[in-house]
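Reading through the C-alpha cells given below for one structure.
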Amino acid sequence: MSASNLRELLIEELKDIYDAEQRITKALPKMAKAADSQELKTAFQEHLRQTEQQIKRLEQVFDELDEPAKRKECKAMVGLLEEGEELMDEEDNPSDVLDAGLITAAQKVEHYEMAAYGSLRTWADLLGESKVVNLLQTTLDEEGETDKKLTEIAQSLNIEAMQDEDMERGEGEEVPVRATKRNHRSS
Ligand code: FE
Ligand code: FE
Ligand code: FE
C-alpha cells in the first residue's frame, strides 16, 4: 500500500473496508441460513440490513472527500470469512456448537471492523473532516452494538451446548443442571 500522507492512508483504508463490507453482505445470508438459533438468525439478518446502510455511508464518505468509491481487496476479511465457511462445511457439528462457532466467526469480523472504523474516524478527525467523522462514528457504534448482542447470544448458547454434553454422558440430574444454569443466566 502506498500512502505518502494521512489523507492518502485514509483513502486506502476506506477502499479496504469498502471491500470488506461488501464481502460481509455475501457471507451474512449464508450465516443466517446455517444458524440454528432463531435469535442468532435474526441478529445476522438485522446486521445484513445495517451492513447495506454502512456501504451507502462509505459511499457518502468517498463523496465527501471527492474520491471515487473503489474497492481494494481486504485480505483479512477474505481469511476471516473463509474460517466461517470452513465451520459451516463441517457436517458433524451439533447445531448449538455450530452456533457458538458462528458467533465467534462473526465477532472476529466485528472486531476487525471496529479497529478499522476507529482508526478511520480518528484520522478524519485529525484532517478536520467533521462530516466524515460523524458518518464513520455511526457505523462504528453499530459494529460495537452488534458485537455486544453476539456476546449475549453466545452466553445462552454455550450453556445449552454444555448441558447437552452433560446429558449425553449421563452425568447429573437434568433438573438441577438446568436450575443452576438458568439462574446463572438470568443474573
Ligand atoms: Fe460493517
Ligand atoms: Fe483489510
Ligand atoms: Fe459489522
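The values are calculated or read from the model by the stated rules, or taken from the named source; none is laboratory data. Bear in mind the structure is a predicted one, so any value in this text is a computation, not a measurement. Cβ atoms come from the backbone with ideal geometry, glycine included; neighbour counts cover every protein chain shown. We work out accessible area using only protein heavy atoms, side chains counted, and drop any ligands, DNA or RNA first. Shrake-Rupley method; radii C 1.70, N 1.55, O 1.52, S 1.80 Å.
Figure the gain on full extension for Glu82 and Thr25 (residue separation times 0.36 nm, minus the Cα-Cα span) and round it to one decimal in nm.
In short, 19.1 nm is gained.
Could you tell me what percent of the accessible area of segment 27-169 is made up of carbon and sulfur, with a 1.4 Å probe and every protein chain present?
Carbon plus sulfur share of accessible area: 47 percent.
Once you place label points 7 Å from the Cα toward the Cβ at Ser4 and Ile55, how far apart are they in nm?
Label-label distance for Ser4 and Ile55, simple model: 3.4 nm.
What are the semi-axes of the equivalent ellipsoid for segment 6-168, taken as the square roots of 5 times the Cα gyration tensor eigenvalues, largest first, in whole Å?
33, 15, 12
Quick one: ranking Arg57, Arg23, Arg71, Arg7 by accessible area, 1.4 Å probe, largest first, what do you get?
Arg71, Arg7, Arg23, Arg57
Working out 0.36 nm times the residue gap between Leu126 and Thr138, then minus their Cα-Cα distance, what length gain in nm do you get to one decimal?
Fully extending the segment from Leu126 to Thr138 adds 2.6 nm.
Keeping every protein chain in place, order Leu120, Leu140 by accessible area at 1.4 Å, biggest value first, i.e. largest first.
Leu140, Leu120
Per 0.36 nm of contour for each residue apart, how much would the distance between Lys33 and His111 grow if the chain were fully extended, relative to their Cα-Cα spacing?
Roughly 25.8 nm would be gained on extension.
Sort His111, His47 by heavy-atom solvent-accessible area, probe 1.4 angstrom, most to least.
His111, His47
Within the set of other residues whose C-beta is less than 13 Å from the C-beta of Val132, count the net charge using Lys and Arg as +1 and Asp and Glu as -1.
-4
How much accessible area per residue does segment 6-168 have, counting only protein heavy atoms and a probe of 1.4 Å, in square angstrom?
Spelled out: the 1.4 Å probe surface of segment 6-168, per residue, equals 51 Å².
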